[in-house]
Structures are given as structure tokens and as C-alpha cells.
Amino acid sequence: MYRWKSFKRKIRNIIRWFPVLLDDRDFDYNYLLIIMNKKLKHMEEFFLTDNTYTKDARKHGQQIKVARILTDRLITDDYFSDNLLNKKNVGKCIKHQDYLKQQDLDYLCELMKKKLFTWWD
């Protein structure tokens, strides 16, 4: 029985990862973020279900959700605001955009550095 469940889980993983792996490329950090995002999404869904054993599953699920949202923001790379833009402050807008992006990356890395090894069941 266990071997059949394990086999089904492996097939399900192949199916759900196939589109991501099909589009994967080795030349850009964005593809790494997409893979991380997909994994975080699956982990978030798992930890927010009743299929877990650890008492802190919901807390871990929320932490993973934050990490996933940060990868979403880094992937979409939409830090630029047209409302702030005019001819006089283009340089400031670009600096601010870079600052916001770096903040998200720093927060993601800090969160994973502190919490990654607690995200297990």
C-alpha cells in the first residue's frame, strides 16, 4: 500500500513540476526564483492543511507564505511607480526601485536564514 502511495505522489510531483522545469533556463536568476516560488507554494499549502504533525505547522505556513510573496514580488519586478516619475526625479525613482527590490531580497534571505531549518513536519 505504501509503495503505491509513494508512486502516486511521485507521479503527481512530476506532473505539477513539469511546466516549471520545461521553461527553466540556466542563465537568469529569475528562473531560480520561479523554482523557489513553486516549492514555497507547495510547502505553504501543505503546512496550512490538517495533514501535518508538528504543532507549529500554521506558524510555519505563514512564514513560508511571506517567503513566497517575497519571491512573487522579486519575480514580477514591479517596483517602479509611474506616480513618482517626472523628468526631474528619474534617477531618484530608479534608486528607490533598486532599494525596494534589495529590501525584499534581504528580507527573503534573512527569513530563510532564520527559519528554513524549522520548516519540516
Over 25 Å (Cα to Cα) among Lys92/Lys113; Lys10/Lys59; Lys59/Lys113; Lys5/Lys59; Lys38/Lys113 -> Lys92/Lys113; Lys10/Lys59; Lys5/Lys59
Within the chain, which is the longest segment that contains none of the trypsin sites (Lys or Arg not before Pro) sitting in a DSSP loop with at most 13 other Cβ atoms within 10 Å? 89-121
To the nearest 10 degrees, how steeply does helix 57-76 sit against the main Cα axis of the chain, on a 0 to 90 scale? 40 degrees
Nearest 10 degrees, 0 to 90: what angle lies between the long axis of helix 90-115 and the longest principal axis of the chain (Cα atoms)? 20 degrees
Test of understanding: what is the full-extension gain from Gln62 to Asp24, defined as 0.36 nm times their sequence separation minus their Cα-Cα distance? 11.0 nm
Pairwise label distance in nanometres, Trp4 with Thr118, each label 7 Å out on the Cα-Cβ vector: 4.0 nm
Can you list the chymotrypsin sites (Phe, Trp or Tyr not before Pro) in the range 90-121 that are in a DSSP coil and have 16 or fewer other beta carbons within 10 angstrom? Trp120
Pick out, in residue order, every one of the chymotrypsin sites (Phe, Trp or Tyr not before Pro) in the range 1-92 that is DSSP loop and has at most 14 other C-beta atoms within 10 Å; say none if there are none. Phe27, Tyr53, Phe80
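Taken together, the values in this text are just the output of simple stated rules run on the coordinates, not laboratory data. Just so it is clear, the model here is predicted, and its values are computed rather than measured. With ideal geometry, Cβ positions are generated from the backbone for all residues, glycine too; neighbour counts draw on all protein chains shown.
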